1. Take V27 and decide whether it is under 29 Å from D165 (Cβ atoms), open to solvent by less than 40 Å² (accessible area, probe 1.4 Å) and either among the hydroxyl-bearing types (S, T, Y) or in contact (Cβ under 8 Å) with a residue 60 or more places away in the chain (or both).
2. Identify all residues within region 49-73 that are open to solvent by 50 Å² or more (accessible area, probe 1.4 Å) and either in contact with a Phe, Trp or Tyr (Cβ under 7 Å, 6 or more places away or on another chain) or assigned to a loop (DSSP other than H, G, I, E, B) (or both); write none if there are none.
3. Between a residue in region 103-119 that is within 30 Å of L73 (Cα to Cα) and any residue that is assigned to a loop (DSSP other than H, G, I, E, B) and among the β-branched types (V, I, T), which pairs come within a Cβ distance under 6 Å, given they are 6 or more apart or on different chains?
4. Please determine, by comparing only the residues of region 74-121 that are part of a helix (DSSP H, G or I) and of a type in the set (K, R), which one is farthest from V13 (Cα to Cα).
5. Scan region 135-150 and give yes if some residue there is part of a loop (DSSP other than H, G, I, E, B) and more than 19 Å from V7 (Cβ to Cβ), otherwise no.
6. Under 24 Å from S161 (Cα atoms), open to solvent by less than 20 Å² (accessible area, probe 1.4 Å) and at pLDDT 95 or above, is that true of V100?
7. I'm checking my understanding of the structure. Among residues of region 31-46 that are among the charged types (D, E, K, R) and at pLDDT 95 or above, which one is farthest from S175 (Cα to Cα)?
8. Inspect region 122-129 for any residue being open to solvent by less than 40 Å² (accessible area, probe 1.4 Å), under 18 Å from V185 (Cβ atoms), touching a strand residue (DSSP E or B) at 6+ places or on another chain (Cβ under 7 Å) and touching a residue at least 12 places away in the same chain (Cβ under 8 Å) and give the result as yes or no.
Amino acid sequence: MMSGFNVKVENVVVFATLGKDIPLEQVSQDLESAEYSPESFPGVIYRIKDPAVATLIFSSGKIVCTGARSIDLARTAVEKVVGDLRNLGLDMPKKYDLRVENIVASTQIEAKEKLALDEIAVMLENSEYEPESFPGLVFRLLEPRVAFLLFGTGKIICTGSRNEDDIHLALGNFSEKLQEIGLKVNPMAA
């Protein structure tokens, strides 16, 4: 389902559960660009270049991948990390659970003049605007369960979705809410 918005995926976070313990000390010594400081963080930080992502590897066999620009790239990154662990001689499963935890996406609506976020916040239920602590209006949608950040420039950030269809559905719902309070919503072209 498309919303009419030009949506750009900025970040995909996925969790993989391998079901195998991982010796972090060995991984940090044998994998180039792996960082491990157990006194400050309980996992290995492992950055890969293609696709350019950061992964967190935990001794429990969980891997968190962040920084991918699509679900497919996140999946590819996790497969690469699991392959790298296998190449160290570690017994890694061929199949494992991979779950999309969060997608952050951005889009833009036309704003000929700066949006009056303080006025929008007063009229829009489930919204917060505290310019002293954050320059954007925060709006929480219950179905699908996402949060939007709306900035005076018309930039919109959507976070909390687990698939791209929900982003478009949520943007359609958010657009309706904004139009109900009198804000003209024109998605900007790419």
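1. Details: under 29 Å from D165 (Cβ atoms): no; open to solvent by less than 40 Å² (accessible area, probe 1.4 Å): yes; either among the hydroxyl-bearing types (S, T, Y) or in contact (Cβ under 8 Å) with a residue 60 or more places away in the chain (or both): yes.
No.
2. K49, D50, A52, S59, S60, K62, R69, listed by residue number.
3. If the second residue must be assigned to a loop (DSSP other than H, G, I, E, B) and among the β-branched types (V, I, T), the pairs left are A105/V7; T107/V7; I109/V185.
4. Ranking the qualifying residues of region 74-121, first place goes to R86.
5. Just the residues of region 135-150 that are part of a loop (DSSP other than H, G, I, E, B), to begin with: 135-136, 142-145.
Those still in the list that are more than 19 Å from V7 (Cβ to Cβ) too: 135, 142.
Checking region 135-150: at least one residue is part of a loop (DSSP other than H, G, I, E, B) and more than 19 Å from V7 (Cβ to Cβ).
6. no
7. It comes out as E39.
8. Among the residues of region 122-129, at least one is open to solvent by less than 40 Å² (accessible area, probe 1.4 Å), under 18 Å from V185 (Cβ atoms), touching a strand residue (DSSP E or B) at 6+ places or on another chain (Cβ under 7 Å) and touching a residue at least 12 places away in the same chain (Cβ under 8 Å), which makes the answer yes.
The values are calculated or read from the model by the stated rules, or taken from the named source; none is laboratory data. Everything quoted here is computed from the prediction, not taken from an experiment. Note that we place each Cβ from the backbone using ideal geometry, even for glycine, and neighbour counts take in every protein chain shown. Note: accessible area is taken over every heavy atom of the protein model, side chains too, but ligands, DNA and RNA are not part of it. Shrake-Rupley method; radii C 1.70, N 1.55, O 1.52, S 1.80 Å.
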